[in-house]
Amino acid sequence: MKIVAATIAHETNTFSPIPTRLADFFDDGPLYGREAYDFVRGSGRSMAGMIAAAEAAGATVHLAVAGSANPARAVDEDAFEIMSAALCNAVREGCDAVFLEMHGAMVTSHLDDGEGEILARVRAINPHIPIAVALDLHGNISRRTIENCTTLVGYKTYPHIDIVETGRRAAETLLAALRGEIAPTLAYAHCGTMPNMLRMATDRGAMAEVMAMAKEAENAGALAVSIFGGFPLADSRFTGMSVVAMTDNDPETAQRICDRIKSFAWERRADFQVAFEPLDTTMIRAAAIIAGPVILVDHADNCNSGGTQDSMDVIDAALRHGLDGIAAGPIADAEAVAAMIEAGVGADVELAIGGKTDFSPIGGSCGALVLRGIVRTISDGRFTVKGPVFTGSKVALGRTVVLDTGRLKLIVSEGRCEPLDLAMFRFVGIEPTEQRYLIIKSKIQYRPTFGAIATEVLDCNGVGFASLDYTKFKFERITRPLYPLDS
């Protein structure tokens, strides 16, 4: 058995000012063929699970292309077309099945449904080719996607700790179909809601309840039930929460499952939303907490949702309110890094850090902060994620520096990385458990690591292009009405 596979993944924030070019996929552009296979096979990606399932079945996998870029604005047309062509050319050469790892919320400069377009192109080459798809829980799923694949499975956890397992399930279900053991059928429903990502954590609240409904349906015989919270910062026709149910040759049951979960999501729609308090109010509460570490989560500037990672508003508020014993970062500012490296370890420097982005389209920012301190550490910015989210991933932040102002230890880097792991601080000599306050730019993924050491966690409504305060953005392409934008 020959399987053609591809990883083409991007979570698109259509409001982000950061470009998504071909070179932004992995470190210096997508990988192809054997190089792609060797790189992905031992990774924590869904495709690693797909490859493992294929190898266990004795199949040969040709990984035509592998590319994944950090969330940012719409993918450049040429980047999409080059990766799509690599996949389609491999399918034209002949295969027995196709395995695809995608995100589910890809928008390009010329398309608002990147995943649906890729699947439709593969189907056009061979209308009967079996296709397995693994997707992120934050996908904005289109009906076109469902109509052009054979099996589809999304993550069931957020923070995402079942990434590899998701790929394995999608692949194993397709392999069972190829053996004639099952006949997968898919059903779909869009829920008419746009949940806030801070309410998509699968271990609490309405999201935990809806995931329990999916598990109950699987225990009753469904092959897989995937609930997609959606990615609200991708302004597309498909943005919002959706459900995909997969059954064994039972389309009526699959649709009933989708409709039941859709009804629940609509009835509980208010429970998926967040009321934000002023940033100064949050800092007053933080100052009253005696024991640390207190985690201050700057969700609005999370680079894994398209943030630029140089907004200084939360750090500025913490300093204005007298907080002490703070460690924060990373802040992406290559100019500041270069200046501190030139000064050298031990140097006393004063410089403006962060605030290089124009935040005026979303209401403005405090801008750069002028800070004075000692350059404590200079690093090449490389470390390995050890925690349960994206375990084993290699991080390359570029040159990275720690500036110590006395009250604040600030990590400043050339590149961007969401702090998913305690190694984010430890690799530059800062022990996170010894800090009174930790300011990190994240949303939910930090919880298994930073959440485990926290005495308290406070969400901070700062400034950034990854903000979940929808009033800051002008949505133009979403299908309306959509709650909560339309009451």
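The values are calculated or read from the model by the stated rules, or taken from the named source; none is laboratory data. What you are looking at is a predicted structure, and each value in this text was computed from that prediction instead of being measured. No Cβ is skipped: glycine too gets one built from the backbone with ideal geometry, and neighbour counts run over all protein chains shown.
Answer yes or no: is there a residue in the stretch 433-441 that is modelled with pLDDT of 95 or more, touching a His at 6+ places or on another chain (Cβ under 8 Å) and not in a helix (DSSP H, G or I).
We begin by selecting, within the stretch 433-441, every residue modelled with pLDDT of 95 or more; these are 433-441.
If we keep only those that are touching a His at 6+ places or on another chain (Cβ under 8 Å) as well, we get 441.
Subsequent filtering for residues that are not in a helix (DSSP H, G or I) retains 441.
Scanning the stretch 433-441 turns up at least one residue that is modelled with pLDDT of 95 or more, touching a His at 6+ places or on another chain (Cβ under 8 Å) and not in a helix (DSSP H, G or I).
Out of the residues in the stretch 466-487 that are assigned to a loop (DSSP other than H, G, I, E, B) and either in contact with a strand residue (DSSP E or B) (Cβ under 9 Å, 6 or more places away or on another chain) or among the aliphatic types (A, V, I, L, M) (or both), state the one that is surrounded by the most Cβ atoms within 10 Å (Cβ to Cβ).
466
Every residue in the stretch 394-410 that is in a loop (DSSP other than H, G, I, E, B), crowded, with 17+ Cβ neighbours inside 10 Å and either among the small types (Gly, Ala, Ser) or more than 21 Å from the chain's Cα centre (by Cα) (or both), please.
Just the residues of the stretch 394-410 that are in a loop (DSSP other than H, G, I, E, B), to begin with: 397-399, 405-407.
Adding the requirement that they be crowded, with 17+ Cβ neighbours inside 10 Å leaves 397-399.
Answer for the stretch 394-410, where residues must be in a loop (DSSP other than H, G, I, E, B), crowded, with 17+ Cβ neighbours inside 10 Å and either among the small types (Gly, Ala, Ser) or more than 21 Å from the chain's Cα centre (by Cα) (or both): 398, 399.
Test each condition in (1) touching a residue at least 40 places away in the same chain (Cβ under 8 Å); (2) buried (at least 19 other Cβ atoms within 10 Å of the Cβ); (3) farther than 30 Å from residue 362 by Cβ for residue 42 and report the one that comes out false.
Residue 42 satisfies every listed condition except (2).
Would you pick out the residues in the stretch 134-150 that are farther than 15 Å from residue 10 by Cβ and without any contact (Cβ under 8 Å) to a residue 60 or more places away in the chain?
143, 144, 147, 148, 149, 150
How many residues, within the stretch 32-73, are touching a helix residue (DSSP H, G or I) at 6+ places or on another chain (Cβ under 9 Å) and either more than 21 Å from residue 94 (Cα to Cα) or not assigned by TED's automatic domain parsing to the domain that holds residue 89 (or both)?
Residues flagged as touching a helix residue (DSSP H, G or I) at 6+ places or on another chain (Cβ under 9 Å) and either more than 21 Å from residue 94 (Cα to Cα) or not assigned by TED's automatic domain parsing to the domain that holds residue 89 (or both) within the stretch 32-73 amount to 16.
Restricting to strands (runs of 3 or more DSSP E) lying wholly in the stretch 262-375: which have 2 or more residues that are touching a Phe, Trp or Tyr at 6+ places or on another chain (Cβ under 7 Å)? Let's see the steps before the verdict.
Details: elements: 294-298, 326-332, 348-353.
Counting at least 2 such residues, we get 294-298, 326-332.
Kindly indicate whether any position in the stretch 420-433 is surrounded by fewer than 20 Cβ atoms within 10 Å (Cβ to Cβ), assigned by TED's automatic domain parsing to the domain that holds residue 353 and either on the phi > 0 side of the Ramachandran plot or of a type in the set (A, V, I, L, M, F, W, C) (or both). Steps first, answer last, please.
Taking the stretch 420-433 as the starting set, the residues that turn out to be surrounded by fewer than 20 Cβ atoms within 10 Å (Cβ to Cβ) are 423, 426, 429, 431, 433.
Right, trim to assigned by TED's automatic domain parsing to the domain that holds residue 353 and you get 423, 426, 429, 431, 433.
Within this subset, residues satisfying the condition of being either on the phi > 0 side of the Ramachandran plot or of a type in the set (A, V, I, L, M, F, W, C) (or both) are 423, 429.
Yes, because at least one residue in the stretch 420-433 is surrounded by fewer than 20 Cβ atoms within 10 Å (Cβ to Cβ), assigned by TED's automatic domain parsing to the domain that holds residue 353 and either on the phi > 0 side of the Ramachandran plot or of a type in the set (A, V, I, L, M, F, W, C) (or both).
Go through the stretch 179-209 and count every residue that is under 24 Å from residue 116 (Cβ atoms) and buried (at least 17 other Cβ atoms within 10 Å of the Cβ). Quick ask: steps written out before the conclusion?
Initially, the stretch 179-209 is screened for residues under 24 Å from residue 116 (Cβ atoms), giving 183-195, 197, 200.
Right, trim to buried (at least 17 other Cβ atoms within 10 Å of the Cβ) and you get 184-195, 197, 200.
So the answer is 14.
Quickly run through the stretch 388-430 and pick out the residues that are without any contact (Cβ under 8 Å) to a residue 40 or more places away in the chain and of a type in the set (Ser, Thr, Tyr).
Scanning the stretch 388-430 gives a single hit, 405.
If you go through the stretch 32-51 one residue at a time, how many are of a type in the set (Lys, Arg) and in a helix (DSSP H, G or I)? Can you show your working first?
First, pick out the residues of the stretch 32-51 that are of a type in the set (Lys, Arg): 34, 41, 45.
In the following step, the residues that additionally are in a helix (DSSP H, G or I) were identified as 34, 41.
Total satisfying the criteria: 2.
Given the condition assigned to a loop (DSSP other than H, G, I, E, B), touching a Leu at 6+ places or on another chain (Cβ under 7 Å) and under 30 Å from residue 308 (Cα atoms), answer yes or no: does some residue in the stretch 104-114 qualify? Walk me through it before giving the result.
The initial filter retains those residues of the stretch 104-114 that are assigned to a loop (DSSP other than H, G, I, E, B), namely 104-107, 109-113.
From what is left, the residues that are touching a Leu at 6+ places or on another chain (Cβ under 7 Å) are 104.
Filter once more, keeping what is under 30 Å from residue 308 (Cα atoms): 104.
Yes - at least one qualifying residue is present in the stretch 104-114.
Answer yes if at least one residue in the stretch 385-394 is basic (Lys, Arg) and more than 24 Å from residue 450 (Cα to Cα), and no otherwise. Please lay out each step first, then the result.
First, the residues of the stretch 385-394 that are basic (Lys, Arg): 386, 394.
Retained after the next criterion (residues that are more than 24 Å from residue 450 (Cα to Cα)): none.
No, because not a single residue in the stretch 385-394 is basic (Lys, Arg) and more than 24 Å from residue 450 (Cα to Cα).
State yes or no: is residue 202 touching a Pro at 6+ places or on another chain (Cβ under 8 Å), of a type in the set (S, T, N, Q), closer than 16 Å to residue 264 by Cα and not assigned by TED's automatic domain parsing to the domain that holds residue 362?
On the way: touching a Pro at 6+ places or on another chain (Cβ under 8 Å): no; of a type in the set (S, T, N, Q): yes; closer than 16 Å to residue 264 by Cα: yes; not assigned by TED's automatic domain parsing to the domain that holds residue 362: yes.
So residue 202 does not fit the description; no.
Give the number of residues within the stretch 1-31 that are touching a helix residue (DSSP H, G or I) at 6+ places or on another chain (Cβ under 7 Å), surrounded by fewer than 20 Cβ atoms within 10 Å (Cβ to Cβ) and assigned to a loop (DSSP other than H, G, I, E, B).
Going through the stretch 1-31 one residue at a time, the tally reaches 2.
Give me the pairs, please: first residue somewhere in the stretch 83-99 and in a helix (DSSP H, G or I), second residue anywhere and crowded, with 19+ Cβ neighbours inside 10 Å and acidic (Asp, Glu), beta-carbon distance under 8 Å, and either six or more positions apart or on two chains.
Once the first residue is in a helix (DSSP H, G or I) and sits in the stretch 83-99, its partners that are crowded, with 19+ Cβ neighbours inside 10 Å and acidic (Asp, Glu) give 84/117.
Quick check: anything in the stretch 63-74 out of contact with any Asp or Glu (no Cβ under 8 Å at 6 or more places or on another chain), among the aliphatic types (A, V, I, L, M), in a helix (DSSP H, G or I) and modelled with pLDDT of 95 or more? Let's see the steps before the verdict.
Residues of the stretch 63-74 that are out of contact with any Asp or Glu (no Cβ under 8 Å at 6 or more places or on another chain), as a first pass: 63-68, 73-74.
Still in the running and among the aliphatic types (A, V, I, L, M): 63-66, 74.
Okay, now just the ones that are also in a helix (DSSP H, G or I), so none.
No, every residue in the stretch 63-74 fails to be out of contact with any Asp or Glu (no Cβ under 8 Å at 6 or more places or on another chain), among the aliphatic types (A, V, I, L, M), in a helix (DSSP H, G or I) and modelled with pLDDT of 95 or more.
Matching residues to (1) in a helix (DSSP H, G or I); (2) modelled with pLDDT of 95 or more; (3) aliphatic (A, V, I, L, M):
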site: 141; (1), (2), (3): no, yes, yes
site: 144; (1), (2), (3): yes, yes, no
site: 166; (1), (2), (3): yes, yes, no
site: 170; (1), (2), (3): yes, yes, yes
site: 174; (1), (2), (3): yes, yes, yes
site: 189; (1), (2), (3): no, yes, yes
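Residue under question is residue 153, and the condition is that it be touching a residue at least 60 places away in the same chain (Cβ under 8 Å), β-branched (Val, Ile, Thr), out of contact with any Pro (no Cβ under 9 Å at 6 or more places or on another chain) and surrounded by fewer than 22 Cβ atoms within 10 Å (Cβ to Cβ); does it hold? Can you show your working first?
On the way: touching a residue at least 60 places away in the same chain (Cβ under 8 Å): yes; β-branched (Val, Ile, Thr): yes; out of contact with any Pro (no Cβ under 9 Å at 6 or more places or on another chain): yes; surrounded by fewer than 22 Cβ atoms within 10 Å (Cβ to Cβ): no.
Against the criterion (touching a residue at least 60 places away in the same chain (Cβ under 8 Å), β-branched (Val, Ile, Thr), out of contact with any Pro (no Cβ under 9 Å at 6 or more places or on another chain) and surrounded by fewer than 22 Cβ atoms within 10 Å (Cβ to Cβ)), residue 153 does not qualify.
Could you count how many residues in the stretch 210-266 are under 20 Å from residue 138 (Cβ atoms) and either among the aliphatic types (A, V, I, L, M) or within 22 Å of the chain's Cα centre (by Cα) (or both)?
The initial filter retains those residues of the stretch 210-266 that are under 20 Å from residue 138 (Cβ atoms), namely 210-215, 224-246, 258, 261-262, 264-266.
Narrowing further to those that are either among the aliphatic types (A, V, I, L, M) or within 22 Å of the chain's Cα centre (by Cα) (or both): 210-214, 224-246, 261, 265.
Within the stretch 210-266, residues that are under 20 Å from residue 138 (Cβ atoms) and either among the aliphatic types (A, V, I, L, M) or within 22 Å of the chain's Cα centre (by Cα) (or both) number 30.
Can you pull out every residue in the stretch 356-373 that is in contact with a strand residue (DSSP E or B) (Cβ under 7 Å, 6 or more places away or on another chain) and either among the small types (Gly, Ala, Ser) or crowded, with 17+ Cβ neighbours inside 10 Å (or both)? Outline the logic, then answer.
Taking the stretch 356-373 and keeping what is in contact with a strand residue (DSSP E or B) (Cβ under 7 Å, 6 or more places away or on another chain), we get 368-373.
368, 369, 371, 373 - these are the residues of the stretch 356-373 that are in contact with a strand residue (DSSP E or B) (Cβ under 7 Å, 6 or more places away or on another chain) and either among the small types (Gly, Ala, Ser) or crowded, with 17+ Cβ neighbours inside 10 Å (or both).
Across the stretch 68-96, what is the number of residues that are crowded, with 24+ Cβ neighbours inside 10 Å and in contact with a Pro (Cβ under 8 Å, 6 or more places away or on another chain)?
2
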